[in-house]
1. Could you grab me the full set of residues in region 1-21 that are in contact with a Gly (Cβ under 8 Å, 6 or more places away or on another chain) and open to solvent by 70 Å² or more (accessible area, probe 1.4 Å)?
2. Which is in contact with a helix residue (DSSP H, G or I) (Cβ under 8 Å, 6 or more places away or on another chain) and more than 21 Å from Asp204 (Cα to Cα), of Ile75, Ile36, Ile88?
3. Looking at region 78-94, I want the residues that are in contact (Cβ under 8 Å) with a residue 40 or more places away in the chain and on the phi > 0 side of the Ramachandran plot and have a partner that is of a type in the set (A, V, I, L, M) and crowded, with 17+ Cβ neighbours inside 10 Å with Cβ atoms under 6 Å, at least 6 apart or on another chain. Which pairs are those?
4. Considering Ala158, Ala168, which residue is within 22 Å of Ser45 (Cβ to Cβ), among the small types (Gly, Ala, Ser) and open to solvent by less than 20 Å² (accessible area, probe 1.4 Å)?
5. Return the residue satisfying two criteria in turn: it lies in region 58-85 and is more than 25 Å from Arg25 (Cβ to Cβ) and of a type in the set (Gly, Ala, Ser), and of such residues it is surrounded by the fewest Cβ atoms within 10 Å (Cβ to Cβ).
6. Do any residues in region 1-13 that are in contact (Cβ under 8 Å) with a residue 24 or more places away in the chain have Cβ atoms under 6 Å from those of residues that are among the β-branched types (Val, Ile, Thr) and in a loop (DSSP other than H, G, I, E, B), where the two are at least six apart or on different chains, and which pairs are they?
7. Just give me the residues in region 144-161 being more than 21 Å from Asp178 (Cβ to Cβ) and out of contact with any Gly (no Cβ under 8 Å at 6 or more places or on another chain), in sequence order.
8. More than 15 Å from the chain's Cα centre (by Cα) and closer than 21 Å to Ile98 by Cβ: does that describe Asn139?
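The values are calculated or read from the model by the stated rules, or taken from the named source; none is laboratory data. The model shown is predicted, which means the values in this text are computed figures rather than measured ones. Cβ coordinates were reconstructed from backbone atoms using ideal geometry, including for glycine residues, and neighbour counts include every protein chain displayed. Surface accessibility is based on the protein's heavy atoms, side chains included, excluding ligands, DNA and RNA. Shrake-Rupley method; radii C 1.70, N 1.55, O 1.52, S 1.80 Å.
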Amino acid sequence: MGEILRAVDLWKIYSMGDAEVFALRGVSLRISQGEILAITGPSGSGKTTLLNCLSALDVVSRGEIYFEERDISHISDNERTKLRGERIGFIFQQYQLIPVLTAVENVELPLLLLNFPADEARKKAIEALSMVGLSNRSNHKPSELSGGQQQRVAIARAIIHNPKILFADEPTGNLDSDTSDSVIQALEELNRIHGITIVIVTHDISVSRRCNRILEINDGILSEINNEEE
């Protein structure tokens, strides 16, 4: 299994007045194509910071990130935007759906922003909703959907451009256990059927146990833990 992403000695340092806050302290990791990886750790440990840096939403203070062998550590804002639009997907805990748009309109929006023809964007949006089991809810607005359905709409939106890797920040954090299970099942199917690499930040032990590997971050320092002992 080939390597899709590699991080080398990542540091993220924030200035807080006269003080410096070290969110990441020399983090290094490798992610293989097609795996599902969990990143765990207490609140404030650096989980979301790491996810944002790996997914090109944020930049590191020091270190290198290689995505498909390309160094993306110091590329421009426009290049990072282009990379996310073409190769990377991101799922947020809060769904980030636009309330006045239907499910299919929310899903097709990224392609319309990339100037895809409207009919092609709509076709791909319907296909993406079908992939997460929501083809019968395509014309419903977020307020007409359950929390789990809204999160699956967000997943469909994140995969509409066929990303190579999907980052998910606490994707089940607002959901009950049964709904959480349905969301993780949808991610597992995307991984199994379409080969999408998935990186999940989670507090939920039941979620991390279903991943191929578990990494734990504490005070900005990353370590790997035994999945069977988690």
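1. Within region 1-21, Met1, Asp9 meet the criteria.
2. Details: Ile36 fails: more than 21 Å from Asp204 (Cα to Cα); Ile88 fails: in contact with a helix residue (DSSP H, G or I) (Cβ under 8 Å, 6 or more places away or on another chain).
On inspection, the qualifying residue turns out to be Ile75.
3. none
4. Result of the check over Ala158, Ala168: Ala168.
5. Ser76
6. Listed pairs, sorted by first residue: Leu10/Val60; Lys12/Val60.
7. Restricting attention to region 144-161, the residues satisfying the condition of being more than 21 Å from Asp178 (Cβ to Cβ) are 157-161.
Answer for region 144-161, where residues must be more than 21 Å from Asp178 (Cβ to Cβ) and out of contact with any Gly (no Cβ under 8 Å at 6 or more places or on another chain): Arg157, Ile160.
8. Values: more than 15 Å from the chain's Cα centre (by Cα): yes; closer than 21 Å to Ile98 by Cβ: yes.
Spelling it out, Asn139 is indeed more than 15 Å from the chain's Cα centre (by Cα) and closer than 21 Å to Ile98 by Cβ.
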